[in-house]
Amino acid sequence: MRAIEVPEYGDASVLTSTDKEVPEPGPGELRIAVEAAGINFADIMQRRGQYPGGPEPPYVPGMEAAGSIDAIGDGVDRSVGDRVVAMTTGGYAEYAIAPAGAVFDVPVSMSSEEAAGFPVQFLTAYSALFTLGDLTAEDSVLIHAAAGGVGTAATQLAANASATVFGTASTSEKLELADKLGVDHPINYTEVAFDEKISNLTDQHGVDLILDGVGGETTTESFDCLSPFGTLVAFGAASGQPGTVDTGTILFNNASVYGFHLGQSMQHDPERILQSVPELTELLLDGKLSVIVGETFDLSAVGAAHEYIEDRRSVGKVVLQP
């Protein structure tokens, strides 16, 4: 089978197309004939060697694989031919092995490309907004990178909850998308300091919740946007640098800070994370949520796909097609 391998840490040029034997599922596992694989910024950080606890080279990257089941291990109550999407490892390949507990059915109306953009984005967004952030209709939320993968999911969920949504992005195209998805106050952070803008828009009160997948200076400046007793949820570091937390700022503003890592959460308490799947699936089927697929790339163009994201040109989810 065709697969993409990271033989050593580095830039996008290290991504190498290889031929590997088709893997066999073990007990509690199944094999997916991959039709679409989601790309996450975590894949890029792993490739760079910047991801704590990430895989050691050589390895096949990819955290999301959508397609059909073509082989089943012992103890798995599934059928060959079922259309599914899985949170797994090794998704950048024609076949991927996944644990049965991390596999979800794909609705008939959803394409494989859309399915590949569902698990990581929507489970992260839901957990950050509601499980940790306790977002309600009376609250306001700032979503950084509102036109990105998690951002587009979080924007729709927050808008469906009738919260007041502030969203940052870097271009007018991205802001137009964020606006269509439910951002009440789109902010171009390349043209204006977002913390000053939010201070003006909220009469210096700030917002109740912030979703930060950027890290670096964005995290530091975000604390200036929090209302008293507000909450910041950090779920990524797309800037390449983790955010820093000043305990004095937290103390005197009565702020709360949570970190959220989907993979670790699935290991520690999967039921807590997966309890949102029925609700999310219903919202998708009812047309109240959409998976925003920005660009698709052939598996052989994986390097270009990574660079496309690193250059901040991407909107929504970027997907590979084996």
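The values are calculated or read from the model by the stated rules, or taken from the named source; none is laboratory data. This one's a predicted model, so the numbers in the text were calculated from it and none came from an experiment. Virtual Cβ from ideal backbone geometry, glycine too; neighbours counted across all protein chains shown. Side chains are part of the model used for accessible areas, which takes the heavy atoms of the whole protein and leaves out ligands, DNA and RNA. Shrake-Rupley method; radii C 1.70, N 1.55, O 1.52, S 1.80 Å.
Name every residue in segment 208-252 that is among the aromatic types (Phe, Trp, Tyr) and open to solvent by less than 30 Å² (accessible area, probe 1.4 Å), in order of residue number.
Correct list: Phe223 only.
Given Ala98, Ala178, Ala161, Ala115, which one is crowded, with 21+ Cβ neighbours inside 10 Å and more than 30 Å from Pro25 (Cα to Cα)?
Ala178
Answer yes or no: is there a residue in segment 141-158 that is farther than 24 Å from Val318 by Cα and crowded, with 22+ Cβ neighbours inside 10 Å. Looking for residues that are farther than 24 Å from Val318 by Cα and crowded, with 22+ Cβ neighbours inside 10 Å, one finds at least one in segment 141-158, hence yes. In the set (1) out of contact with any helix residue (DSSP H, G or I) (no Cβ under 6 Å at 6 or more places or on another chain); (2) in a helix (DSSP H, G or I), the condition left unmet by Thr155 is number (1). State yes or no: is Ala178 closer than 21 Å to Glu295 by Cα, hydrophobic (A, V, I, L, M, F, W, C) and either under 13 Å from the mean Cα position of the chain (by Cα) or modelled with pLDDT under 95 (or both)? It is false that Ala178 is closer than 21 Å to Glu295 by Cα, hydrophobic (A, V, I, L, M, F, W, C) and either under 13 Å from the mean Cα position of the chain (by Cα) or modelled with pLDDT under 95 (or both).
On the basis of being out of contact with any Ser or Thr (no Cβ under 7 Å at 6 or more places or on another chain) and of a type outside the set (Val, Ile, Thr), does Leu284 make the cut? Answer is yes for this residue.
Taken over segment 77-91, residues that are open to solvent by less than 20 Å² (accessible area, probe 1.4 Å) and in contact with a helix residue (DSSP H, G or I) (Cβ under 6 Å, 6 or more places away or on another chain) amount to 2.
Within segment 9-32, track down each residue that is touching a residue at least 40 places away in the same chain (Cβ under 8 Å) and of a type in the set (Asp, Glu). I'd like the intermediate steps shown before the answer.
Initially, segment 9-32 is screened for residues touching a residue at least 40 places away in the same chain (Cβ under 8 Å), giving 9, 12-13, 15, 17, 20, 22-32.
Those that are touching a residue at least 40 places away in the same chain (Cβ under 8 Å) and of a type in the set (Asp, Glu): Glu24, Glu29.
Val165 meets the conditions (1) in a strand (DSSP E or B); (2) within 26 Å of Gly62 (Cβ to Cβ) in every case but one. The failed one is (2). Residues that are touching a residue at least 60 places away in the same chain (Cβ under 8 Å), over 16 Å from the mean Cα position of the chain (by Cα) and open to solvent by 40 Å² or more (accessible area, probe 1.4 Å): does segment 61-76 have at least one? No: segment 61-76 contains no residue that is touching a residue at least 60 places away in the same chain (Cβ under 8 Å), over 16 Å from the mean Cα position of the chain (by Cα) and open to solvent by 40 Å² or more (accessible area, probe 1.4 Å).
Given the criteria more than 18 Å from the chain's Cα centre (by Cα), at pLDDT 95 or above and in a helix (DSSP H, G or I), does Ser222 qualify?
Judged against the criteria, Ser222 is a match.
Filtering Arg31, Arg47, Arg78 for residues that are at negative phi, part of a strand (DSSP E or B) and among the charged types (D, E, K, R) leaves a single hit, Arg31.
Got a sec? Which of Gln50, Gln46 is modelled with pLDDT of 95 or more, in contact with a Gly (Cβ under 8 Å, 6 or more places away or on another chain), surrounded by fewer than 24 Cβ atoms within 10 Å (Cβ to Cβ) and not small (Gly, Ala, Ser)? When all the criteria are applied, what remains is Gln46. Among the criteria (1) open to solvent by less than 10 Å² (accessible area, probe 1.4 Å); (2) closer than 30 Å to Asn253 by Cβ, the one His205 does not fulfil is (1). Do any residues in segment 188-206 that are within 23 Å of Leu177 (Cα to Cα) have Cβ atoms under 7 Å from those of residues that are of a type in the set (Gly, Ala, Ser) and assigned to a loop (DSSP other than H, G, I, E, B), where the two are at least six apart or on different chains, and which pairs are they? Final answer for the pair search is Asn188/Ser170; Tyr189/Ser170; Thr190/Ser170; Ile198/Gly206.
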